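Just so you know, all these numbers are worked out from the coordinates, no wet-lab data involved. Just so it is clear, the structure is predicted and the values come from calculations on it, not from any experiment. Cβ placement follows ideal geometry from the backbone for every residue including glycine, while neighbour counts extend to all protein chains displayed.
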Amino acid sequence: MSDDGTTNDPIPDIEIPGTVAVVTGGAGGIGKGIVGALLRAGSSVVIADIEADTIAATVEEFSSLGPVSGVRTDITDESSVKALADQVYEQHGKVNLLYNNAGVTSGGGGKPWQQEPNDWRWCFGVNVFGTAICTSEFVPRMLEGGEPGQVINTSSGDGGFAPVPTASVYAASKAAVSCFTEALHHNLVMEDTRLRASVFYPSGGLQRTGLFTASRNRPEELQRVGEATGRKSMTFDEMKAMLEKSGREVVEADLDAQGDFVVSETAARRYIITLNLGDTVDLLHRRADAIGRLDVPPHHGMPI
Ligand SMILES: NC(=O)c1ccc[n+]([C@@H]2O[C@H](COP(=O)([O-])OP(=O)(O)OC[C@H]3O[C@@H](n4cnc5c(N)ncnc54)[C@H](O)[C@@H]3O)[C@@H](O)[C@H]2O)c1
């Protein structure tokens, strides 16, 4: 490997049929699209999600596609994740694909200085600690098993590439996810393992998911203490209407097609998984140029 770790990696592709996959946040939204795609590709899938009813509905909906089951899991809780891993290894004997996909917003909105400690605790608890806890629980077992595998962490263009200034806590959490994934990948290469990491940036249009009502899963003890500030939680349709009213052309992403794409890119062990970088590459160049001038990098304009 070269000093900057960017050399070509000769590791073989992953044969998806016969693999065992765990998808956090797989009961709904983007994760559900990945679960369906994995089943169509021949993987056995375990959905790990905090919403028991949604897990049950998704397992029922997908049961004709292939072996799918669910375990109610709170990824912010080490004992819950350990119980998940114990159950998956007991039932399947291995894990090849770990999709750290569950995520939440920070709720409430507001300026960076209006964010409450509980906004940070909840958002970082799920997005960052959840990803870290699942990685620490599963990766040693995956390494021990010695099979080919991949850890795919869902980040966001918001934070992963550049912050949306009105979403400061969420952006910071996704910057952490992207940075952690890169470090994870390098270590998996350095240790000469059969595992690699990928970072997934949902793209290709507005995602019709439950993210905009993520507060439905916010624990009682992590609620805001002060007055709500800024934008409140809204449904996808309210969000879409708001964007259309502001004159934006809104294209909805196809979550099933996105899932198929994520799975084929997983098989190819692509490091960055995203459907359409579009203007992002140009933004990243302009960010690098600004940093080179010791200037403030340009940010994402999306009002989310
Ligand atoms: N929707 C978007 O526009 C968008 C854009 C970029 C990135 N993302 C990311 O995509 C991922 C999936 O989000 P989505 O848009 O499908 O939202 P979603 O709300 O539809 O799905 C998230 C899932 O995570 C689960 N979850 C929440 N807290 C959990 C916890 N503590 N433990 C286990 N599961 C938990 C929820 O029950 C839900 O099923 C997230 O990481 C999100 O940040 C979403």
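Fewest first, what order do Met234, Met239, Met190, Met142 take by the number of other Cβ atoms within 10 Å?
The most exposed by this proxy come first: Met190, Met234, Met239, Met142.
Using unit Cβ charges (K, R positive; D, E negative) and no other charged atoms, how large, in debye to the nearest 20, is the dipole of the chain about its Cα centre? Walk me through the intermediate numbers first.
On the way: 25 positive and 40 negative charges, 120 e Å.
Rounded to the nearest 20 debye, it is 580 debye.
Helix-derived [θ] at 222 nm for the chain: sum -39500 (n - 2.57) over DSSP H runs of at least 4, divide by residue count, nearest 500?
Mean residue ellipticity at 222 nm (helix-derived): -13000 deg cm²/dmol.
Hey, if you put +1 on the Cβ of every Lys and Arg and -1 on every Asp and Glu Cβ in the chain, which of Leu243, Val199, Pro163 ends up farthest toward the positive end of that dipole?
Checking the options against the dipole of the chain, the answer is Leu243.
Mind giving me the FRET efficiency for Thr193 and Glu227? R0 is 51 Å, r the Cβ-Cβ distance, nearest 0.05 is fine.
According to the calculation, E is roughly 0.55.
Give me Trp113, Trp122 sorted ascending by neighbouring Cβ count inside 10 Å, so fewest comes first.
Trp113, Trp122
Suppose R0 equals 41 Å; then what is the FRET efficiency for Glu90 and Lys245 from their Cβ-Cβ distance, rounded to the nearest 0.05?
0.20
With label points built 7 Å along Cα→Cβ from the Cα atoms of Ser136 and Lys111, find their separation and express it in nm.
Output for this residue pair reads 3.6 nm.
Given a Förster distance of 30 Å, report the FRET efficiency between Val281 and Glu61 from their Cβ-Cβ distance, rounded to the nearest 0.05.
0.25
With +1 on each Lys and Arg Cβ and -1 on each Asp and Glu Cβ, how big is the dipole of region 132-244 about its Cα centre, in debye rounded to the nearest 20?
For this selection, approximately 300 debye.
Connecting C-alpha atoms closer than 10 Å in a GNM of the chain, tell me which of Thr235, Thr24, Thr154 has the biggest fluctuation.
Residue with maximal mean-square fluctuation among Thr235, Thr24, Thr154: Thr235.
Just add up the charged neighbours of Gly70: K/R +1, D/E -1, any other residue whose Cβ is under 14 Å from the Cβ of Gly70.
Summing Lys/Arg as +1 and Asp/Glu as -1 gives -4.
What distance in nm lies between label points placed 7 Å from Cα along the C-beta direction at His299 and Asp256?
Modelled inter-label distance: 3.8 nm.
Taking the Cβ of each residue in Lys174, Lys111, Lys240 as the centre, tally the other Cβ atoms inside 10 Å and list the residues starting with the fewest.
By the 10 Å Cβ count, ascending: Lys111, Lys240, Lys174.
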